[in-house]
Amino acid sequence: MNWLKYSSSQALYPFAGRLIPWFTAAALGLIGVGLYVGFFVAPTDATQGDAYRIIFVHVPAAWMSMFLYVIMAIWAGIGLGLNARPSFMMAQAIAPTGALFTFLALFTGSMWGKPTWGAWWVWDARLTSELILLFQYIGIMLLRSSIDDLRRADRASAVLALVGVVNVPIIYFSVKWWNTLHQGASVSITAAPTMAGAMVTAMLVMAVGFWMYSIAVTLARMRCVIVERERQPSWGKPASVTDVAEAR
Amino acid sequence: MQWGSVAEFFAMGGYGLYVWTSFGVTALCMGGEVFAVWRRAAAAAESRNEL
């Protein structure tokens, strides 16, 4: 497969368009199965009652919030290193979805915290670092929109995204490094999960579903970005008479 | 399945308000994002056709 072919936005637009229906279908199917297993197969938790079912959206949203940040930072880094515009566009398209999942992780977390801890919010390391992640996403988007020159906006927001990636391991390991009210990981790569089989299944299926959703919505947003950038006057090259005539 | 009735299912063992608010807000946000991107794509396509 000739991947260089997809490094130009002209080829990327139809390519993304062909992928979107598949990822949409996968997202709908997986989230449907995840909800079914989560509500009808997974048993009631012995200590947390049915409030624990919030984790079927909370944990996938929290994972996506961190995962999308890392992916956004990688695209930003590739963009800076290779000066590749499609990479910057990917980073730009990912940010709003990442911010959305960060908000959802915080919101559903407080919905879980109130009945379980007795508090909507506590300033523990996990919650605080996740809140900072939300501010990072918002900051990256605001920085981009505050710079008129597209290439400067691309580079500035890419640098901010790269610097901020330091917060992701802090969020992930916060429950180990500090005494947090937030519980430790129930599922990790290195150890057997400390939850019933159906609970883990529902959580993982929902997580993959959210992942597919993120890809679909990000590709769709990137197609918008491609078209919107075409509309922008290009300051990089000298305008030709036909360009100007076309723009008018 | 552990639910005896539909009412029991919606009550979620007394945690219904928290559980359904979580799932409802998540659904609204994701649906809203899809709608926003769809609107943006429609606007982009329109601006393309204006040429």
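Every number in this text was worked out from the coordinates using simple rules, so none of it is lab data. Please read these numbers as outputs of a predicted model, since none were measured by experiment. For neighbour counting, all protein chains shown are included, and Cβ atoms are generated from backbone atoms with ideal geometry for every residue, glycine included.
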For the range B:10-51 and the range A:42-118, what is the separation of their C-alpha centers, rounded to whole Å?
16 Å
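Counting alpha carbon pairs within less than 8 Å and at least 6 residues apart, what relative contact order, in whole percent, applies to the range A:83-226? Show your work: numbers first, answer last.
Values: 100 pairs, mean separation 43.9, N = 144.
Relative contact order of the range A:83-226: 30 percent.
Within chain A, what is the longest stretch that has no chymotrypsin sites (Phe, Trp or Tyr not before Pro) placed in a DSSP loop and near at most 15 other beta-carbon atoms within 10 Å? Present the calculation step by step, with values, prior to reporting the outcome.
On the way: sites that count: A:Trp120, A:Trp121, A:Trp123, A:Trp178, A:Trp235.
With chymotrypsin sites (Phe, Trp or Tyr not before Pro) excluded where exposed in loops, chain A gives A:1-119 as its longest stretch.
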Helix-only CD estimate at 222 nm, as mean residue ellipticity for the protein assembly as shown, using -39500 (n - 2.57) per DSSP H run (n ≥ 4):
-25500 deg cm²/dmol
Could you please tell me the mean projected area of the C-alpha convex hull for the protein assembly as shown, averaged over all directions and given in square nanometres to one decimal?
18.1 nm²
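Per the Kirkwood definition applied to all pairs of different Cα atoms, how many angstroms is the hydrodynamic radius of chain B? Don't skip to the end; give the middle numbers.
On the way: mean 1/r = 0.0723 Å⁻¹.
Answer for chain B: a Kirkwood hydrodynamic radius of 13.8 Å.
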For chain A, averaging the sequence separation of alpha carbon pairs under 8 Å that lie six or more residues apart and dividing by its residue count, the contact order in percent is 34 percent
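Rounded if a/c is under 1.5, else prolate if a/b is larger than b/c, else oblate: which is the range A:1-141, with a ≥ b ≥ c the root eigenvalues of its Cα gyration tensor?
On the way: a/c = 3.79, a/b = 1.62, b/c = 2.34.
Oblate, because a/c is 1.5 or more while a/b does not exceed b/c.
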